[in-house]
Amino acid sequence: MRDFGSRGVHVATLAARQLARLFYGRDPEHSYFSGCSDGGREGIMAASRYPADFDGVVAGAPVVSLTLNNSIYHAWIVQNLMRRDGGLRMTDAQLARIHALTVTQCGRRQKEADGILRRPELCQPDLASLACKAEPVADCLKAEDIQAAEAMYQGVRGAYFGVEPGSELGWNRQAAASHRFATSFLTTMTGATFKGEQNPFDARFDAASIASYQGLAGELDAPADIKAFAERGGKLIIWHGWADTGVPPRSSLDYVARLRAQLGGSAVERFVRLYMLPGVEHCSGGNGPDRFDGLSAVMEWVERGVSPRALPATNHKPDSPRWTVAPYADGPAR
């Protein structure tokens with residue numbers, strides 16, 4: 001478990017550095033890490049636990065609170081989007097209606113016309129108009145469907161985050177993956193004595209239950225203590241897609257907020273940049289700018305002292321428009 005949590009990357013890095021030394025006859029001048037999802041978590045863990053391993057880290061959609069993400073977050077998705085028989089609560093067509101309404105409501109407020117929300121965290125969708133009436137229309141939402149959708153945005157109140165408006169088209173695809181993640185984690189990775197396979201539908205969200213799922217937090221969750229990494233000149237770029245359903249985008253905002261609370265805003269500004277990519281799903285996909293070169297940016301920052309600001313980005317689809325993505329504090333992407 002410790003190898004998975006942080007030690008494995010460190011040991012592999014030492015071996016890679018030794019191989020480079022044997023082949024080239026000298027140590028590498030600089031070392032970098034770039035990863036997404038658990039790879040993003042691994043990069044932040046390296047910065048915290050082994051601050052001398054890398055000069056720069058690019059952490060995409062990092063699962064900084066892995067014990068919460070892979071227990072209550074994925075179980076919450078399962079309980080709101082699936083039935084116990086394995087079926088989906090809502091059809092893709094119903095989710096498409098939710099998505100269209102959400103983009104219309106939020107886009108009008110934010111003056112966006114391309115169907116991609118730059119600041120979904122500022123929007124609170126009102127789904128009442130989609131409710132089934134006395135003479136229901138196709139793909140209308142029953143009261144329990146609206147309740148489930150609102151729960152998806154809300155997340156586990158007081159404990160963990162939900163998904164963002166604009167991510168609805170990915171909900172059903174995420175549901176099956178969430179069932180696998182939650183089943184695996186609750187069964188084998190809470191630190192509790194093995195009691196057989198655990199069903200995500202039986203997960204509870206009270207404080208005592210949530211605490212019981214976090215027995216290995218000290219090994220698996222990325223701490224906000226990266227002061228030593230900063231003091232030796234390390235640089236960290238975090239990026240996250242706003243339409244991510246695998247790891248809630250606000251978890252990255254929360255992590256940077258915790259860094260600021262611990263180290264101070266001006267100190268964090270000297271070594272951390274956060275980019276929030278509109279319309280981008282988990283690590284890639286979606287209609288937004290999911291082709292984003294954070295590695296070149298962090299290398300420029302480390303080696304030439306060029307602080308990254310607005311960076312070019314594109315979508316994975318051919319002939320997609322070019323974007324400019326700015327650090328989150330600087331405003332939305334264009």
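The values are calculated or read from the model by the stated rules, or taken from the named source; none is laboratory data. Model, not experiment: these values are computed from the prediction. A quick note on method: Cβ atoms are made from the backbone with ideal geometry, for glycine too, and the neighbour counts reach across all protein chains shown. The accessibility values were calculated without ligands, DNA or RNA, using every heavy atom of the protein model including side chains. Shrake-Rupley method; radii C 1.70, N 1.55, O 1.52, S 1.80 Å.
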- Task: Could you provide, to the nearest whole Å², the per residue accessible area of the stretch 121-274 with probe 1.4 Å?
- Result: 46 Å²
- Percent RCO, i.e. relative contact order, over the chain, from Cα pairs under 8 Å lying at least 6 residues apart: 21 percent
- Item | Of all accessible heavy-atom area on the stretch 9-122, the percent that carbon and sulfur account for (1.4 Å) | 54 percent
- Message: Show me the GluC sites (Glu not before Pro) within the stretch 169-251 that DSSP assigns to loop and that have at most 15 other Cβ atoms within 10 Å of their Cβ.
- Response: 197
- Item | Value at 222 nm in deg cm²/dmol, rounded to 500, when DSSP H runs of n ≥ 4 in the chain each add -39,500 (n - 2.57) | -12000 deg cm²/dmol
- Which residues does a label at residue 316 reach in the stretch 58-78, if reach means a backbone N under 17 Å from a point 7 Å past the Cα toward the Cβ? 60-62
- Kindly write out, for the stretch 71-84 in residue order, the coupling ³J(HN,Hα) from the Karplus curve 6.51 cos²θ - 1.76 cosθ + 1.60 (θ = phi - 60°), rounded to whole Hz, with x marking Gly and Pro. 10, 6, 5, 6, 5, 4, 4, 4, 5, 9, 10, 10, 9, 4
- Message: Let me check something: with ligands and nucleic acids excluded, how do 195, 227 order by accessible area (1.4 Å probe), largest to smallest?
- Response: 195, 227
- Lys and Arg at +1, Asp and Glu at -1: add these up for the other residues within a Cβ distance under 11 Å of residue 97 and post the number. -4
- Query: All other residues with a Cβ under 13 Å from the Cβ of residue 11 taken together, and with Lys, Arg as +1 and Asp, Glu as -1, what is their net charge?
  - Reply: +1
- Query: Which one of 80, 199, 70 has the biggest mean-square fluctuation once the chain is modelled by GNM with Cα springs under 10 Å?
  - Reply: 199
